Amino acid sequence: MFSSVKTTVKDKKEKVLDQYRMKIREKAISNAKASIALVGKRIEDYDEDQLEIIVQKEEQDIIAKYKNSALV
């Protein structure tokens, strides 16, 4: 009985975490597009690996911002 409850809770937790990860990813992509535009370049000027690095940095910045604001 308890194992089924644990499984259900884990599944719901993962579902919520996935939703937040997707929202953070979408925000990071839009931030990356904006920062690329501010530099005066286009997305086509970068290859896929470079874009992934830029988006990952934006994700880290967003997560850090939320962690810092949660402490306040």
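The values are calculated or read from the model by the stated rules, or taken from the named source; none is laboratory data. This one's a predicted model, so the numbers in the text were calculated from it and none came from an experiment. Here Cβ is always computed from backbone atoms with ideal geometry, including for glycine, and neighbour counts include all displayed protein chains. For accessibility, only protein heavy atoms count, side chains too; no ligands or nucleic acids. Shrake-Rupley method; radii C 1.70, N 1.55, O 1.52, S 1.80 Å.
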Practice task
Could you let me know the centre-to-centre spacing of region 48-66 and region 15-43, using Cα atoms, in angstrom?
Solution key: 7 Å
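Once neighbouring chains are kept in place and the probe is 1.4 Å, which whole percent of the accessible area of the chain is contributed by carbon and sulfur? Walk me through the numbers on the way to the answer.
Details: 3730 of 6380 Å².
Within the chain, the accessible surface is 58 percent carbon and sulfur.
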Exercise for the section: Could you tell me which trypsin sites (Lys or Arg not before Pro) in the chain are loop residues by DSSP with no more than 16 other beta carbons within 10 angstrom of their beta carbon? Expected result: Lys41, Arg42
Fill in the blank from the handout: Ranked by GNM mean-square fluctuation in the chain (Cα springs under 10 Å), the top entry among Val16, Val55, Val39 is Val39
Problem - Proximal lysines to Lys23, defined as alpha-carbon separation beneath 18 angstrom and excluding residues fewer than eight positions away on the same chain - result: Lys12, Lys13, Lys15, Lys33, Lys57, Lys65, Lys67
Exercise for the section: Using only Cα positions of region 1-48, each an equal point scatterer, no hydration layer, compute I(q)/I(0) via Debye at q = 0.13, 0.14, 0.15 Å⁻¹ and quote the log10 values to two decimals. Expected result: -0.50, -0.54, -0.57
Practice task
Calculate how steeply helix 48-71 sits against the longest principal axis of the alpha-carbon atoms of the chain, using the helix alpha-carbon long axis, and give the answer as 0 to 90 degrees to the nearest 10.
Solution key: 60 degrees
Practice task
Could you name the aspartates and glutamates whose alpha carbon sits less than 12 Å from that of Lys41, not counting residues in the same chain fewer than 8 places away?
Solution key: none
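Quick check for you: with a 1.4 Å probe and neighbouring chains kept, what is the accessible area per residue of the chain, in Å²?
On the way: 6380 Å² over 72 residues.
Heavy-atom accessible area per residue stands at 89 Å².
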